[in-house]
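Worksheet: one structure, shown below.
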Amino acid sequence: MVSSQGDSYYIICEDLFKIYKIADLEVVALRGLDLKVKLGELMAIVGASGSGKTTLLNILGGLDIPTAGRVIVGKRDLLKMSSRDLVTYRRRDVGFVWQQVGGNLIPYLSALQNAELPLILLGWPQRKRRRRAEEMLEAVGLAARLRYRPDRLSGGEQQRVAIAVALANNPPLLLADEPTGELDSQTAESIFDVFRSLNEAYGVTIVIVTHDIRITDEVERVVTIRDGRTSLEAIREPRFPDAGPGRILDEFVVLDKAGRLQLPKDYIEKLNLKGRVRVLLADDHITVWPEESQKREDR
Ligand code: ADP
Ligand code: MG
């Protein structure tokens, strides 16, 4: 664990870049992204399609390697790991839940067999893995569906199984990429409830990626990615059962290590800012003015 200012972070990303090269074309999926996630935190990353969310998750899960920057997960520096260590990391330290409801599960295996499968691959003895798989399916609310195959389960139930599978071997980190993308909003909410109760029961650190901003009602911290960079951060008051969405307590624009920040899009449009702007320092704050504004000293 990396400690800084008394906080213990499980994930630290600094100035992360990912550039995909297709023939002569370069696509910059992440451009200097910074992110810190505390141990045991349940947080969400939101952003428009194409903003770099999946790229970031793939990097955190050891499925992809950044072009530049720093990624620390637990004690590991993901950029310095051998490909063999990355395989072990993926198997033992990360659970994944994907958007494609069916894609998370093996169709001809029961819920129980699906949840046992990763434990077979890790060499767990039969009774131990059976007990663990049952425990996880109970934890996601599927105790009555152990013998059901995916095709007999609803979409929401299949995602619950997928979560049980992802957490079967008790990884410290759970990554979910648009886990409710194919579900209706009520089912989506119940899936977010499952994430929350697992986070509380097992202390697993959970990062949920979505472009559905309704998730912002469900977690305490939401980070917005825009153009491959973290741009906004909202903190909510903790939600109590049945209390409805927590109020947003504070909203921040993220200032990165290099001093860059992304102004909210609607502010830019309102003042028609482009190209160059004037940045003026006052005693305890900074103002930003359109380049052509003349009277700024008089105001
Ligand atoms: P999101 O998950 O937020 O929709 P992605 O991380 O999938 O965003 O994509 C970010 C950008 O990187 C997009 O412009 C996308 O087209 C590009 N991209 C993602 N994966 C690849 C890849 N394997 N090859 C080339 N470009 C990619
Ligand atoms: Mg995506």
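Points worth noting:
- Residue among Thr55, Thr88 that alone is of a type in the set (S, T, N, Q), over 17 Å from the mean Cα position of the chain (by Cα) and either within 12 Å of ligand 1 (Cβ to nearest atom) or within 30 Å of Pro150 (Cα to Cα) (or both): Thr88
- Within this structure, Phe17 fails the test of being in a strand (DSSP E or B), open to solvent by 10 Å² or more (accessible area, probe 1.4 Å), closer than 21 Å to Thr180 by Cα and not polar (S, T, N, Q).
- From the list Asp93, Asp64, Asp15, the lone residue that is away from ligand 1 (no atom under 16 Å from the Cβ), closer than 20 Å to Thr205 by Cβ and in contact with a strand residue (DSSP E or B) (Cβ under 9 Å, 6 or more places away or on another chain) is Asp93.
- Hey, Lys21 touching a residue at least 40 places away in the same chain (Cβ under 8 Å) and among the charged types (D, E, K, R) or not: no
- Those residues of the range 275-294 which are surrounded by 11 or more Cβ atoms within 10 Å (Cβ to Cβ) and in a strand (DSSP E or B), in sequence order: Val277, Arg278, Leu280, Thr287, Val288, Trp289, Pro290
- The residues of the range 67-85 that are more than 16 Å from ligand 1 (Cβ to nearest atom) and either under 25 Å from Asn199 (Cα atoms) or aromatic (Phe, Trp, Tyr) (or both), listed by number, are Ile72, Val73, Gly74, Lys75, Arg76, Asp77, Leu78.
- Listed by first and then second residue, the pairs with beta-carbon distance under 6 Å, at least 6 apart or on different chains, first residue in the range 94-112 and at pLDDT below 95, second among the aromatic types (Phe, Trp, Tyr), are Asn104/Trp98.
The values are calculated or read from the model by the stated rules, or taken from the named source; none is laboratory data. What you see is a predicted model; the values in this text were computed from it and never measured. Cβ coordinates were reconstructed from backbone atoms using ideal geometry, including for glycine residues, and neighbour counts include every protein chain displayed. These accessible areas exclude ligands, DNA and RNA; they are computed on the full protein's heavy atoms, side chains included. Shrake-Rupley method; radii C 1.70, N 1.55, O 1.52, S 1.80 Å.
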